[in-house]
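The values are calculated or read from the model by the stated rules, or taken from the named source; none is laboratory data. Predicted model, so just to flag it, every value in this text is computed and none were measured. For neighbour counting, all protein chains shown are included, and Cβ atoms are generated from backbone atoms with ideal geometry for every residue, glycine included. All accessible areas refer to the heavy atoms of the entire protein, side chains included, with ligands and DNA or RNA removed. Shrake-Rupley method; radii C 1.70, N 1.55, O 1.52, S 1.80 Å.
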Amino acid sequence: MIKWQKTSCVLCSQNCGLEVQVEDNQIIKVRPDKDNPRSIGYACRKGMNISHHQHHDDRLTHPLKRTPNGFVKISWEEATAEIAEKLLSIVNKYGPKSFAYVGGGGQGCHFEAAFGTTLMKALGSRYHYNALAQELTGYFWGCGRMFGRQNRFLIADEHHSDMILGIGWNGMVSHQMPRAPIILKEFAKNPEKVLAIIDPRKSETAKIANIHIPLKPGTDALLARAMIAIIIQEGWEAKSYINSYASGFEKILPWFEKFDVKTALEVCEVEYDAVYALCKELSKRKWCMHFDLGVYMNRHSSLTTYLYMLLLVICGRALIQGGNVIPGIIMPLGSNNDERNPKTWRTVSTNIPAIMGYFPPNVLPEEILSDHPERIRSVICSSSNPLRSYADTTAYEAAFKKLDLLVTIELSMTETAELSHYVLPSRSAYESYDSAFFSWNFPEVYFQLRQPVVKPSDEKQEAGEILTRIADAAGIIPKIPDYLYKAAKKDRLEYTAALFSFAILRPKVFKILPFILAKTLGKEMGSANLSVFWGLLVSAPPRVRKMMSKAGFITPSIKETILSVKNIIKTLTNIIRYKNIAPIALLIPQINYAESLFETILEHPEGLWLGKADAQNNFKEIKTKDGKINLYIPEMEEWIKEITSEDEKKALVPNPEFPMLLNAGRHKPENANTLMRNPEWNKGRRSCTLAMHPDDAGSLGVEDGEIVRIITEAATEEIELEISKEVRQGQVLIPHGFGLKYKGEPYGVNVNRLTKNTHRDKLAGTPLHRYVPCRVEKIHKAS
């Protein structure tokens, strides 16, 4: 009998637990994992179809080099040597700003980012372009200003609330929280709870909601300002909470005290009584808030997220159990950057600062196509497909063709890979040890180390191993002494002693530690990723160890550890062998703790609760100078003053040339970004259509199933029409993740061809995909 193996889905950030059966090295059956402590037996159809992600005819098998006659197979040694030589030549000639690292982890394989960012920094660059900066950096920026750190952002704690407020969020399809459809239905049906949705259309989530506010597309900031104004003008704000935990309330008060709410709501095309009633509920309930791409990718994106966070604080729902909280984390998803610090890197042509360590993909084409002497000339793109995932495909094609060096590390021959100078085959999520560091729970901290369930074939390597090979060929990794290799073959306590002996006199080694671990310990483990994960546990800071201790993982004391006979012998041996007992003696408890933790995690392939945050005192996570939530952000003042009924009404007048609005990136059960290359997983389904309201279709004289033409400022495409009453009149929807090539044949429409990279948020550079002016035409066939 074929056994079931534990793993998880990597097609969205929820990473639901799965079990798979493998026969002849092929995934043949998939089912939700009831033992997974977070997803508890839930998985959507994407997860149930991971075999299509893992097994298909476009998987890469060996390194490729582009020549005038097409791609040719080359060895790993040739590939890494040539890439390293060209990379160093470019950086030495034009400076470190000529190199950018694009990608880094995707939805479920985050270990790679440790290697990619290490290589990037070793070359002197800070240009990391990542998908998080396609959506979330405006929100991260606001969290940084209000709570003190960009990488300690708030999540919704729906498990302890009695009301969910969703803004621009279709959780029934897009998830964005564990077991979303199950939780949302429970809220909607429970008479003691409320599900409230703010969304222009009757989405799948809005259809089941107890309250639906169908605002006019693009009026999110105006509605948010009006809602805060209602609460303040009615005196419903949480006065005691604000006095205790927030500062700057008196500075933001004038933005709302005399604001004309009724006129604003008329512009938003929503009923005053409905919004007033919603605000009243928000002033007295234990509610939490979810917003998604309807906010992150819409007009005034960064401002709107700031306004809704103000609403949260004014109602006393920030850093409170059942509200929006800062979760416990094992590893932050990025760094903390303050653009006011002159050391923070900015892009040389568009002057966009790093936010949480990331730069927005929207500006990358301009940074490459620029004539600036420090323009980007070389890119390593890993686990990312900008030619289908990011705005303005046409601009990206022109930019990537101009690069002196483009290297793609991928599973498949993607559209980006086709333009690359070198294409390197990486192992999949199901052929590697890997994980994600997303934190979607409170107070529990979940972690799952995904273990290989399929044996890698051909010449595929883990992305971390590939990046290590490039670093090695570039001379970034110093000569490693034989004793470190030998220690790696023994046990990890001795290995750590040897590692410290090697690194203690070479501080720079710590800056490239992932590569050292991969070449030594990783070689013995059979996985670069696994060695780096072990290193992460050994180096876990006291804050993380304390959080883990609350879940039952207790660090042994130095006395307890040293007194064991086994460790006395090892310690004395290492004194003689490596002559660095002082740091090792201090680290022995931590090493033993990491070792125990490492083995426990390996013993739980279904995932486990690895830590627990302090649910009673989330306010200690505030890192602002005054220790309070900073409500007033000076840079937002002028922007907020622009959000008036009169100005917004003028701004929202349709362009006669483009009278409709395209929602570019509709969430459907049939899309999975660009991770599902084989269209067979959607066989028999209408997977890529243009959805339109019946009245709009009638005025155009078009019918369901007809091929229509859509035109935007960026491009023109032809696509199948789907008529649906769930679509708001004046708006059309196209899903993302299509226009892919499989076996050389394209299928579906690439919605990013229809978007301009310059149509973006003025602070964070995130694309305004939910507000793309367009027109739709009937195609008149020649008689």
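Which entries in the list K73/K93; K73/K741; K121/K479; K73/K460; K343/K402; K86/K479 go over 24 Å, if you measure between the two C-alpha atoms of each? Long pairs (Cα-Cα over 24 Å): K73/K93; K343/K402. With R₀ fixed at 35 Å, the C-beta to C-beta distance from K189 to S549 puts the FRET efficiency at about 0.35.
The residues of the stretch 1-103 have, on average, 45 Å² of accessible surface per residue, using a 1.4 Å probe with all protein chains present. Taking a point 7 angstrom from the Cα of D647 along the C-beta vector, which residues in the stretch 260-288 have backbone N less than 20 Å away? Within reach of a label on D647: 260-269. Tell me whether the stretch 337-477 comes out rounded, prolate or oblate; compute the Cα gyration tensor, take square roots of the eigenvalues as a ≥ b ≥ c, and use a/c under 1.5 as the rounded threshold. Oblate, since a/c reaches 1.5 and b/c is not below a/b. Summing Lys and Arg as +1 and Asp and Glu as -1 over all other residues whose Cβ lies under 10 Å from the Cβ of V72 gives a net charge of +3. When nucleic acids and ligands are ignored and a 1.4 Å probe is applied, K3 ends up with an accessible area of around 140 Å². If the segment from E269 to K778 were pulled out straight at 0.36 nm per residue, it would be longer than the present Cα-Cα gap by 180.3 nm. What the stretch 296-346 shows is 27 Å² of accessible area per residue, with the surface traced by a 1.4 Å probe over protein heavy atoms. Taking a ≥ b ≥ c as the square roots of the eigenvalues of the Cα gyration tensor of the stretch 1-108, is the shape rounded (a/c under 1.5), prolate (a/b larger than b/c) or oblate? Prolate, because a/c is 1.5 or more and a/b exceeds b/c. Out of these labelled values of volume of the Cα convex hull per residue in Å³, [x] 350; [y] 362; [z] 176, which was calculated from the coordinates shown here? Entry [z].
When the surface is traced with a 1.4 Å probe over the full set of protein chains, L265 keeps roughly 0 Å² accessible.
Taking all protein chains together and a 1.4 Å probe, the residues E250, E462 rank E250, E462 from largest to smallest accessible area. Sorted largest first by accessible area at a 1.4 angstrom probe radius, with every protein chain in place, the residues M1, M356 fall in the order M1, M356.
Remark: the Cα gyration tensor places the stretch 61-135 in the oblate category, a/c being 1.5 or greater and a/b not exceeding b/c.
Calculated mean residue ellipticity at 222 nm for the chain: -10000 deg cm²/dmol, from DSSP H runs with n ≥ 4 weighted as -39500 (n - 2.57), summed, divided by the residue count and rounded to 500. For K523, the aspartates and glutamates whose Cα falls under 13 Å of its own Cα, not counting residues fewer than eight places away in the same chain, are E462, E465. Straight Cα distances below 29 angstrom link K649 to the lysines K202, K207, K216, K251, K258, K262, K280, K641, K725, K756, K762, with same-chain residues fewer than 8 positions distant left out.
Across the chain, the mean sequence separation of Cα contacts (distance under 8 Å, 6 or more residues apart), normalised by length, yields a relative contact order of 18 percent. Under 29 Å Cα to Cα from K550, which lysines show up? Leave out anything in the same chain fewer than 8 places away. Straight-line reach from K550, under 29 Å: K6, K34, K286, K559, K566, K612, K620, K623, K625, K628. With the whole protein complex present, F515 retains an accessible surface near 0 Å², based on a 1.4 Å probe. Using a probe of 1.4 angstrom and keeping all protein chains present, the accessible surface of the stretch 363-520 works out to 32 square angstrom per residue.
With a cut-off of 11 Å between beta carbons, the residues surrounding R59 carry a summed charge of -2, where Lys and Arg count +1 and Asp and Glu -1. Ligands, DNA and RNA left out, the 1.4 Å accessible surface of the chain is 51% carbon and sulfur atoms.
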